[in-house]
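The values are calculated or read from the model by the stated rules, or taken from the named source; none is laboratory data. Nothing here was measured: the structure is a model prediction, and the numbers come from that model. So basically every Cβ, Gly included, is an ideal-geometry build from the backbone, and we count neighbours across all protein chains shown. Areas reflect the complete protein model, heavy atoms only, side chains present, ligands, DNA and RNA absent. Shrake-Rupley method; radii C 1.70, N 1.55, O 1.52, S 1.80 Å.
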Number of protein chains: 2
Amino acid sequence: MSRRQLHLNVNLLHSGVYPSAWRLPASRPDAFIDIGHFVRVAQIAERGKFDAIFLADTPSISDRIDYRPLNALEPTIVLASLAAATTRIGLIATASTTYNEPFNLARRFASLDHVSGGRAGWNVVTTADAAAGRNFGLAAAVEHRTRYERAHEFVAVVHKLWDSWEDDAFVGDKATGRFVDTAKVHPIRHRGPHYAVEGPLNLPRAPQGRPVTVQAGGSQDGRDLAAATADAVFTLSQTIPDGVAYARDLRARAAAFGRPANAIVILPGLATVIGSTEAEARRRQDELWDLVPIEYSLARLAGTLQIAPERLDLDKPLPDPLPLPPNANHTMFQGTVALARRDNLTVRQLLRALGGGVGHRIVVGTPETVADDIEAWFRAGAADGFNLMPDVLPDGLETFVDAVVPILQKRGLFRTAYSGTTLREHFDLERPACHRPSAAALLAG
Amino acid sequence: MSRRQLHLNVNLLHSGVYPSAWRLPASRPDAFIDIGHFVRVAQIAERGKFDAIFLADTPSISDRIDYRPLNALEPTIVLASLAAATTRIGLIATASTTYNEPFNLARRFASLDHVSGGRAGWNVVTTADAAAGRNFGLAAAVEHRTRYERAHEFVAVVHKLWDSWEDDAFVGDKATGRFVDTAKVHPIRHRGPHYAVEGPLNLPRAPQGRPVTVQAGGSQDGRDLAAATADAVFTLSQTIPDGVAYARDLRARAAAFGRPANAIVILPGLATVIGSTEAEARRRQDELWDLVPIEYSLARLAGTLQIAPERLDLDKPLPDPLPLPPNANHTMFQGTVALARRDNLTVRQLLRALGGGVGHRIVVGTPETVADDIEAWFRAGAADGFNLMPDVLPDGLETFVDAVVPILQKRGLFRTAYSGTTLREHFDLERPACHRPSAAALLAG
């Protein structure tokens, strides 16, 4: 496909991105642990020809579960189950480089790629959350810089493991009895500051060669990690100029790593609240907002900013200055502060603009409004597509698929049928060649 | 169900337990990475009313892949996919306590339990294999005793995490907006010699309360681990007296831990080669044996015994004495040596008796012969059932389901329909109560 096409993932956040989504009359509160709910959403997204399903994750309770659902089910387990219930849509799961072993993670995603026929993606996160550290023997969270140093090495190890079997290493010749040509299976012999991994992986190379690598960090370190290793990024931008600046910055960094300009698909988060009229959309947003307890929104904002909730006055702007805390989620912190400063919002106005904890940009309106917004970002080069966060699931996605997707298709922006079978094909990315390490490199190990 | 019933798992070893299974005309060599193959086998087993599918695993290449398939796909990924393609059969995956983090493992199996509606089981192994250690930053394998010390603590942590949400902690009350009653979600605050895990798990309690815990160690340490923690054991016994002695020993150890006599389901491995006549079964076994290269069988035996292949003379018995090596797989070592000594076999005869690398006991014959064998073991108290290892998959399982299962059902030994929906119900095990830690224990913790 030569013409640039829009890419759409759906961020399958349990009952929807609004913290109050589970409280709507049509929602089932137990959707977050009901695989049937995940299947329904995935099948709607596949009907809408979406590129992928995206699952966020943190290995801890990182939010106020007294008020809202959490990402509970382990994402690769969910996606392996969805692989059996879908045929084309990509399957992207978040997994932490700080709290996994590279061998196990490489194998799990390569297995998901085999099981799904080449539809797996790994969203690389380093996990800022301090509660996660305490579930893995650490008294405190790992410091930002250290997390990213480890992440660079971790991703490199995973990529080496994914390349440790040449594409034709598996033979399976009944006549000779030769099962694998072991001359084409290579230990990786990685010895780095953080990891020592001998390899090879105990699994033939995946259908995609390497599952798609996604990255979601907005910090300087996060951008460098994405520029060096990612096939796609999940970002947070509040305005088109922000998005354009981000894309320019990221592509420049990628070029510095010797990568082509189109090597990375840029997908900002986009929350949607859709109605058949503007007024209906606003009423829906009001209803969702009214069901978010204010103490929840405040606690959530204080958590993003890593300050005491008492420092937030509902009728005043954010405290100023507001320095970046060392262990904040940089993307969420910067997006939130930028939004508040841009329109000089009071905390109460900011909470509402954030959807009471949605975090990402929210577009509210008719299907035409939403399609116009998406087209404007896409044509301006602020986005190659979006990581869509419907207000309520499956309802908000169903509306998007039935009402917005046809507009995007009519405008020639979005596919009307899948042209490939793998996530790499959906994203218009090449299948990476197997970089067989030279004998000299191995000896130098 | 008051009457004692037989339990049957199928060990879903890629193309079958015979190393040469993949070379038969009807076999597909790529079955080991084809999820469609796993689905077919699982659906046949479910048609046969089996208790569970069992997946073995090692996080390394631990066998001669130039000659035979390996356990390549990560087991929980496979089972999550099979959960979507089946409705009743249990799903047991092997995972190592030495090369996982307790939080991640507890969450993955609890997620599988949610996704499958209460059908998950975890087969606890400590992974003797030295190659595995090198994939996780270790220069050598972890020593046997240390592995088991860690395993005891690891399993305890996992069980605590599985109990960290009380059964009714999830509320989801739309009217009040209360999502979770956080007073019923408890940190576990585990601080032990090997692990420090704060908890709670970020997932409501699983449908089974705790997924079924299976253990497969035959060493003294392995038996103690099973006696203390397991709901079921996967053992290796070559004779009925061996099986009876094992069961007596294990039940005595369980009693010493204060557990009732029927707390553990004992399932020896059983390889089957079935023909419509005895002669046809023997021909099938001959065909499978002829396709196993002798150098493979020898290397495999040398690996089990942890000695150089040159020390094995095809026409002489095993070397004597043959001390237990420190990092051997005790179950396989002892089963192999016992088989050789019992009938004073030469190495060549032993290789054949082992099926060229099958390892477990092999029964060869007609459906009646196989059913008689199973009934004899069951009635003698040498087994509560079997971890079945068909010679070739799916073919050998299909024969078992169509020809042996009806005989066992006619004799009143095996269910004709599932009476429950969870693996615990299939195994006739109670759903464990949620042992909420007392405040005092937490403070002391």
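Take the protein assembly as shown with all the other protein chains still there, run a 1.4 Å probe, and you get 35 Å² of accessible area per residue.
Accessible area of residue A:350 (1.4 Å probe, protein heavy atoms only, ligands and nucleic acids ignored): about 0 Å².
To the nearest 10 degrees, how steeply does helix B:367-380 sit against the main Cα axis of chain B, on a 0 to 90 scale? The answer is roughly 50 degrees. Where Lys and Arg each count +1 and Asp and Glu each count -1, what net charge lies around residue B:141 among other residues with Cβ under 10 Å from its Cβ? Its environment carries a net charge of 0. 3J(HN,Hα) along the range A:409-415, derived from phi through the Karplus expression 6.51 cos²θ - 1.76 cosθ + 1.60 where θ = phi - 60°, amounts to 5, 4, 7, x, 8, 9, 4 Hz, with x in place of Gly and Pro. In nanometres and ascending order, the distances from the residue B:174 label point to those of the other copies are 5.8 (point 7 Å from Cα along Cα→Cβ). Round to a whole angstrom and tell me the spacing of the C-alpha centers of the range A:98-151 and the range A:205-251. Computed from Cα coordinates, the inter-centre distance equals 17 Å. The string of couplings for the range B:221-228 from the Karplus curve (6.51, -1.76, 1.60, θ = phi - 60°) is 5, x, 5, 5, 4, 4, 4, 7 Hz, one whole number per residue in order, with x for Gly and Pro. Legend: mean number of C-beta atoms from other chains within 10 angstrom of residue C-beta atoms, peptide A:198-207, equals 6.
Peptides A:363-373, A:36-46, ordered by how many other C-beta atoms sit within 10 Å of their residues on average, highest first, read A:36-46, A:363-373. Calculated on C-alpha atoms, the gyration radius of the range B:293-354 divided by its Kirkwood radius gives an Rg/Rh of 0.91. Mean per-residue shielding of peptide B:181-189 is 2, counting Cβ atoms of other chains within 10 Å of each Cβ. Quick one: check the C-alpha center-to-center distance for the range B:316-349 versus the range A:335-372, whole angstrom. One Cα centre to the other: 71 Å. Accessible area buried by the pairing of B and A, both sides summed with a 1.4 Å probe, works out to roughly 5600 Å².
From the helices alone, meaning DSSP H stretches of at least four residues, give me the mean residue ellipticity at 222 nm for chain B, per-run term -39500 (n - 2.57), in deg cm²/dmol to the nearest 500. Please report the intermediate quantities before stating the final value.
Values: 16 runs with 169 residues, N = 445.
Theoretical 222 nm ellipticity from helices: -11500 deg cm²/dmol.
Derived scalar couplings between HN and Hα for the range A:104-111 equal 5, 5, 4, 5, 5, 6, 5, 5 Hz in order, rounded to whole Hz, by the Karplus curve 6.51 cos²θ - 1.76 cosθ + 1.60 (θ = phi - 60°), x for Gly and Pro. The portion of the accessible surface of the range A:222-340 made up by carbon and sulfur, rounded to a whole percent, is 55 (1.4 Å probe; DNA, RNA and ligands excluded). Taking Cα atoms only, the orientation of helix B:144-162 departs from the longest principal axis of chain B by about 40 degrees.
When only alpha carbons of the range A:51-155 are considered, Rg and Dmax amount to 14.6, 43 Å.
Give A:316/B:184; A:174/B:316; B:49/B:410; A:160/A:184 a once-over and call out the pairs whose C-alpha atoms are over 25 Å from each other.
Details: A:316/B:184 37 Å; A:174/B:316 31 Å; B:49/B:410 14 Å; A:160/A:184 14 Å.
From the list (A:316/B:184; A:174/B:316; B:49/B:410; A:160/A:184), the Cα-Cα distance tops 25 Å for A:316/B:184; A:174/B:316.
Residue B:34 label point (Cα plus 7 Å toward Cβ) to equivalent points in the other copies: 3.7 nm, shortest first.
Taking amide H as placed 1.01 Å from N in the peptide plane, residue A:209 has no amide H partner under 5 Å among residues 5 or more places away or on another chain. Approximating the spin labels as points 7 Å out from Cα along Cα→Cβ, the residue A:302-to-residue B:349 distance works out to 7.9 nm.
Under 5 Å between amide hydrogens, built in the peptide plane, is the criterion, and for residue A:265 it picks out A:232, A:233 among residues at least 5 positions away or on other chains. Net charge of the neighbourhood of residue A:402, taken over other residues with C-beta under 13 Å away and scored Lys/Arg +1, Asp/Glu -1, is 0.
Computed from Cα atoms, the angle from the helix B:240-256 axis to the main principal axis of chain B rounds to 20 degrees. Each other copy places its own label point for residue A:321 at 7.5 nm from this one, sorted shortest first, where the point lies 7 Å along the Cα-to-beta carbon line. Annotation: amide H-H contacts under 5 Å for residue A:363 (H modelled 1.01 Å from N, sequence separation of 5 or more, or interchain): A:271, A:272, A:273.
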